[in-house]
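Asker: Before I ask anything, here is the structure I am working with.
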Amino acid sequence: MKILRTKEAMRAWSIAQKAAGKSIGFVPTMGALHEGHGSLMQASVAKNDVSVLSIFVNPTQFAPHEDYGQYPRTWETDLAMAEEIGIDAIYAPEPDSIYPEGYATYVTVEGLSVGLCSGTRPHFFRGVATVVAKLFNTVLPDRAYFGQKDAQQCAIITRMAQDLDTGVEVVEMPIVREADGLAMSSRNRYLSEADRTTALCLSRSLDAARALLDAGERDAAVVTAAVRAGMAAVEIDYVSLVDAATMAPVDTIERPILLAVAAQVGPARLIDNLKFFPSEIELGAHRPAEAETCC
Ligand code: AMP
């Protein structure tokens, strides 16, 4: 497994792979790897000739008051996990080389960046879209793997990859959870034992919402109220039910939706979500008229 520390070395490696006719899969991360990251790496290794993992704690997606300085850095165990899964190269650049003095270019994805996490983290998606665009330009992947855990981020990156003509196929992978349902996150290690138990109310509230949706509830206010009630023990940032494609708030559930939550649990800000697709019959009832007359 190659460790590449500079843009130049990374790009040269990728160009050589492409010249040899190999497809490149890419998994961007901030390190402190867990099985959620592992599932992305496994998907990449299974589908592509070679796979690159990036480990870069991206300063532009953190506000000054956030945890950039404390973000867990677990280099040795990350390397062992990547090697075991079969990653071919790790790209781990220094922040100064990604954002040298005079750096002035940022990527903003409009529309999708409104609401949900941008409420309390207004800087966040600009930083993420910018760094991922830069990573794509250096790693030159054919496919890039992201987690549904960060569903709004995934939608934004998919849009950015299309709009900027990157030619990169963005693949969204399911949320990987602990045995008791807690969504895996590098920030879970901030939790005390008591916080860890309290944090379970996120996934449990989403499970309860899923039961309501499966039972036919289609009023978004009823579903979000149930989730809020289930999360009474934590400091809720948001409970939002939005159109899964546009991230716009939804009143009546009649198309694929994302139900997303964020909360402060002790020292950690945690997020979780579910996607729900109404049955084909319901979707058919709400298809636009022209689709019905088509063909
Ligand atoms: P991060 O290192 O937190 O920036 O995450 C890197 C990638 O791993 C992102 O695409 C995340 O969505 C994804 N990821 C993080 N946690 C999980 C999880 N529990 N299940 C699946 N993917 C995840």
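Asker: Hey, could you check the stretch 34-61 for residues that are open to solvent by 20 Å² or more (accessible area, probe 1.4 Å) and assigned to a loop (DSSP other than H, G, I, E, B) and say which is farthest from F136 (Cα to Cα)?
Answerer: Only one residue fits best here, namely H34.
Asker: Follow-up. Only residues that are more than 19 Å from S240 (Cα to Cα), in a helix (DSSP H, G or I) and either touching a helix residue (DSSP H, G or I) at 6+ places or on another chain (Cβ under 7 Å) or of a type outside the set (D, E) (or both): list them for the stretch 164-209, please.
Answerer: Those that are more than 19 Å from S240 (Cα to Cα), in a helix (DSSP H, G or I) and either touching a helix residue (DSSP H, G or I) at 6+ places or on another chain (Cβ under 7 Å) or of a type outside the set (D, E) (or both): S186, R187, N188, R189, Y190, A194, R196, T197, T198.
Asker: Same structure, new question: Let me confirm something: among V227, V222, which residue is more than 22 Å from the chain's Cα centre (by Cα) and either within 16 Å of the ligand (Cβ to nearest atom) or assigned to a helix (DSSP H, G or I) (or both)?
Answerer: V222
Asker: Now for a different question. Would you be able to say whether some residue in the stretch 95-109 is over 22 Å from M10 (Cβ atoms) and open to solvent by less than 70 Å² (accessible area, probe 1.4 Å)?
Answerer: yes
Asker: Name the residues in the stretch 63-78 that are within 13 Å of the ligand (Cβ to nearest atom), aromatic (F, W, Y) and either crowded, with 19+ Cβ neighbours inside 10 Å or closer than 25 Å to E178 by Cβ (or both), would you?
Answerer: Selection gives Y71 alone.
Asker: Now for a separate question. With the condition kept exactly as written, say whether any residue in the stretch 76-87 is assigned to a helix (DSSP H, G or I), under 13 Å from L135 (Cβ atoms) and not β-branched (V, I, T).
Answerer: Of the stretch 76-87, the ones assigned to a helix (DSSP H, G or I) are 76-85.
Then keep just the ones that are under 13 Å from L135 (Cβ atoms); that gives none.
No, the stretch 76-87 has no match at all.
Asker: A further question follows. Please count how many residues of the stretch 167-192 are more than 21 Å from V45 (Cα to Cα), open to solvent by 30 Å² or more (accessible area, probe 1.4 Å) and away from the ligand (no atom under 11 Å from the Cβ).
Answerer: Of the residues in that region, 5 qualify.
The values are calculated or read from the model by the stated rules, or taken from the named source; none is laboratory data. Keep in mind the model is a prediction, meaning the values are calculated, not measured. When we count neighbours, we look across all protein chains shown, and the Cβ atoms used for this are built from the backbone with ideal geometry, even at glycine. Ligands, DNA and RNA are stripped out before the accessible areas are found, and what is left, the full protein with its side chains, is counted by its heavy atoms. Shrake-Rupley method; radii C 1.70, N 1.55, O 1.52, S 1.80 Å.
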